[in-house]
There are 6 protein chains.
Amino acid sequence: MSDKLKEYREYRQKMNDKILAADNKVIKRIFNLDTNTYMEGALDSKTKEMLGLVSSMVLRCDDCVRYHVEQCHQLGVRKDELFEIFSVANVVGGTIVIPHMRRAVEFWEELEAEESND
Amino acid sequence: MSDKLKEYREYRQKMNDKILAADNKVIKRIFNLDTNTYMEGALDSKTKEMLGLVSSMVLRCDDCVRYHVEQCHQLGVRKDELFEIFSVANVVGGTIVIPHMRRAVEFWEELEAEESND
Amino acid sequence: MSDKLKEYREYRQKMNDKILAADNKVIKRIFNLDTNTYMEGALDSKTKEMLGLVSSMVLRCDDCVRYHVEQCHQLGVRKDELFEIFSVANVVGGTIVIPHMRRAVEFWEELEAEESND
Amino acid sequence: MSDKLKEYREYRQKMNDKILAADNKVIKRIFNLDTNTYMEGALDSKTKEMLGLVSSMVLRCDDCVRYHVEQCHQLGVRKDELFEIFSVANVVGGTIVIPHMRRAVEFWEELEAEESND
Amino acid sequence: MSDKLKEYREYRQKMNDKILAADNKVIKRIFNLDTNTYMEGALDSKTKEMLGLVSSMVLRCDDCVRYHVEQCHQLGVRKDELFEIFSVANVVGGTIVIPHMRRAVEFWEELEAEESND
Amino acid sequence: MSDKLKEYREYRQKMNDKILAADNKVIKRIFNLDTNTYMEGALDSKTKEMLGLVSSMVLRCDDCVRYHVEQCHQLGVRKDELFEIFSVANVVGGTIVIPHMRRAVEFWEELEAEESND
């Protein structure tokens, strides 16, 4: 696992734990809802994660992009599919999406490297 | 065809014609690119239109939502699938997406009514 | 009740009913969560509705602004307080918030007129 | 003057008057600042109004777009220049800008018609 | 004072000084207006800072969030109140607000640590 | 060349190369279109780059701001002109633009230092 991947995952986990420990009911339910949203339903999880990814890209949230890129990777999204998701994000959201695509591609490569190291 | 559907389509067509007649090369290429983005590729058109729809919803562009709702409808997206797309949009984008969902549901019903009148 | 107020409330109710009838669990929970968010807690409801209003203004969602303006009105927010909420929204969010403030002021006046007609 | 132009201008003026009458110092200073921003300086007013227009388009504020389209029109921006401003807005901001361009082109035509009626 | 807190404050001060030294009248007045917006008025400063914080969160501006978290901390906002502000931001603005909440919680903890070191 | 400037340029180039190597036609055309948008036309390149800069600022994309600040610098935009672009961005987009202005000013200074070192 690359240092960047490790740091991203640990920080995310540590802060989520602190947030949930604050015991605000609305926030806890949002976290719970967030998980349920991407479960198998009328649409399969892979499609839903792609929907989550493209939404995160046009809204330009790097951490959200990373989260959904990782889920997509685990659910078998291929690189050519990934770039078609990016193409929709860039066309709908404009060139301001490009810097987020750069960082998403970098993150994807780290996931690929991690996988080949297993 | 409902009056609202008719008005939406005619205005869209009329203004697109005027915009293209202005003969700005960059804008003409964007229009062209917009069409190409949703063509069959590594991902099928139905998936891509769903990606376009969820992006339009989180970015809260009613006209874009209408356009992609119509494409989804034509490509066989079912109502339960539609609402799962909406669920991702609402979770990622928050309750500010709800008013756009209201108008999208109204538009979907007009498309359904048009279809049953054929 | 002015025609505008009536139309706004009826459309909102009608479409919410249709959305909830679609029986998507995630969306139903978002609607439920939305209600709970503004209940009395560490902060009182009035403060929370003011937070909801300013958020809706900077995110420039007219329907959300209307909803929270009405809640604020019911919870006793005064006109000079309302304009201080608007002032924060305009400073943080810029002059693109002004058109939404215009419509919010118009809506506020309709609520005031309705009240004095009771 | 077209009915749409008349309605837009009268509503804008009427609501601005009400807002200023509320006598909130911060809001009054924002209105004043808004006017000063586009005055001749290191950059001329025409350039500044073009900057205001492109900003309003990518932020997708129809009323702001209308305001700056009118200022640009008065300061002699030509139609081919207008479409180059639009091209930047569409490339940077993506296809979600297109519906706002449609309405901006319609508004521009009303300004042109008004001028030729003088 | 933690290194992060120190770095954030020094960078902010250094760059603000450079910006004000450029002597652009509009920008100087915005900085001045920004300060005045949160002063005691019809609403007290604490409420206004909470409005500023929730606005910054839904607009997802980390530096603005930090600024208002610090003001809220100084004005006596408690941790349970802080999380209720966050809950409004997350519900209105969606899960894309979560990464900003993570960083806001981290910053809050640094302020708490600084205070207990005094 | 400062380390920051070097790192920004190298990362940008490296990731753009990877993105283009993925050979997604839509994305390649967006990159191509992005270049064409700012070429001389009815408006000169300097004006167009200023339009690109102000758009990037109100949309709060630091990498895009850096790109256009550099183009503006090369095309002879002066510091007082730069701050007038910033003033429009701050007025239209609000105080959430300020942190991006801080980083833009820092980047401008690095470009100035690089130039005086040539």
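With no solvent and one equal point scatterer placed on each C-alpha of segment E:67-116, evaluate the Debye formula and give log10 I(q)/I(0) for q = 0.20, 0.23, 0.30, 0.31 Å⁻¹, two decimals. Reported log10 I(q)/I(0), two decimals: -0.67, -0.85, -1.24, -1.28. With all projection directions averaged, the alpha carbon convex hull of chain A covers 8.1 nm².
Amide hydrogen proximity for C:Gly94: with H placed 1.01 Å from N in the peptide plane, the residues at 5 or more positions away or on another chain lying under 5 Å are F:Gly94, F:Thr95. Under the simplified labelling scheme, the B:Tyr11-A:Leu5 pair shows an inter-label distance of 5.0 nm, with each label point 7 Å from Cα along Cα→Cβ. Cα centroids of segment C:18-92 and segment D:52-89: how far apart, whole angstrom? Spelled out, the Cα-based centre of one part sits 32 Å from the other. Out of every Cα-Cα pair that the protein assembly as shown contains, those further apart than 40 angstrom amount to 27 percent. Using the Karplus relation 6.51 cos²θ - 1.76 cosθ + 1.60 with θ = phi - 60°, the per-residue 3J(HN,Hα) values for segment C:55-61 come to 4, 5, 5, 5, 8, 6, 10 Hz, with x marking Gly and Pro. I'd like the isolated cysteines in chain D, meaning no second cysteine's beta-carbon lies under 4.7 angstrom from theirs. So far as the 4.7 Å Cβ criterion goes, D:Cys72 stand without a partner in chain D.
Computed from phi, the 3J(HN,Hα) profile of segment F:77-84 under the Karplus parametrisation 6.51, -1.76, 1.60 (θ = phi - 60°) reads 4, 8, 4, 5, 5, 3, 6, 6 Hz, with x in place of Gly and Pro. Think of the axis that spins chain D onto A; the D residue whose C-beta lies nearest it, and the distance in whole Å, is D:Gly94, 2.
Which of D:Lys46/F:Lys46; A:Lys6/E:Lys79; D:Lys46/E:Lys28; F:Lys4/F:Lys79; A:Lys79/B:Lys79; E:Lys48/E:Lys79 have a Cα-Cα distance over 25 Å?
Details: D:Lys46/F:Lys46 14 Å; A:Lys6/E:Lys79 29 Å; D:Lys46/E:Lys28 23 Å; F:Lys4/F:Lys79 21 Å; A:Lys79/B:Lys79 30 Å; E:Lys48/E:Lys79 17 Å.
From D:Lys46/F:Lys46; A:Lys6/E:Lys79; D:Lys46/E:Lys28; F:Lys4/F:Lys79; A:Lys79/B:Lys79; E:Lys48/E:Lys79, over 25 Å: A:Lys6/E:Lys79; A:Lys79/B:Lys79.
For chain B, the longest principal axis of the C-alpha atoms and the axis of helix B:62-74 are separated by about 80°.
Summary for A:Ala22: label point 7 Å along Cα→Cβ; distances to the equivalent points in the other copies, ascending, 2.9, 3.1, 3.4, 3.4, 4.5 nm. A simple spin-label model places pseudo-atoms 7 Å from Cα toward Cβ; at C:Glu106 and B:Lys28 they are separated by 3.9 nm. P(r) tail, segment B:1-59: Cα-Cα pairs separated by more than 20 Å, 48% of all pairs. Comment: the Cα-to-Cβ extended label point of A:Tyr11, at 7 Å, lies 1.2, 1.2, 4.3, 4.5, 4.5 nm from its counterparts in the other copies, nearest first. Keeping the other protein chains in place, figure out the carbon and sulfur percent of the accessible area of chain F, with a 1.4 Å probe. Of the solvent-accessible surface of chain F, carbon and sulfur hold 45 percent.
Inter-copy label distances for E:Glu109: 3.1, 3.1, 4.9, 5.1, 5.9 nm (label point placed 7 Å from Cα along Cα→Cβ; shortest first). Every helix of 4 or more DSSP H residues in chain B counts as -39500 (n - 2.57), and over all residues that averages to -26500 deg cm²/dmol at 222 nm.
The values are calculated or read from the model by the stated rules, or taken from the named source; none is laboratory data. These figures come from a predicted structure and were not determined experimentally. Counting neighbours? That spans all protein chains shown, and the Cβs are built from the backbone with ideal geometry, glycine included. All accessible areas refer to the heavy atoms of the entire protein, side chains included, with ligands and DNA or RNA removed. Shrake-Rupley method; radii C 1.70, N 1.55, O 1.52, S 1.80 Å.
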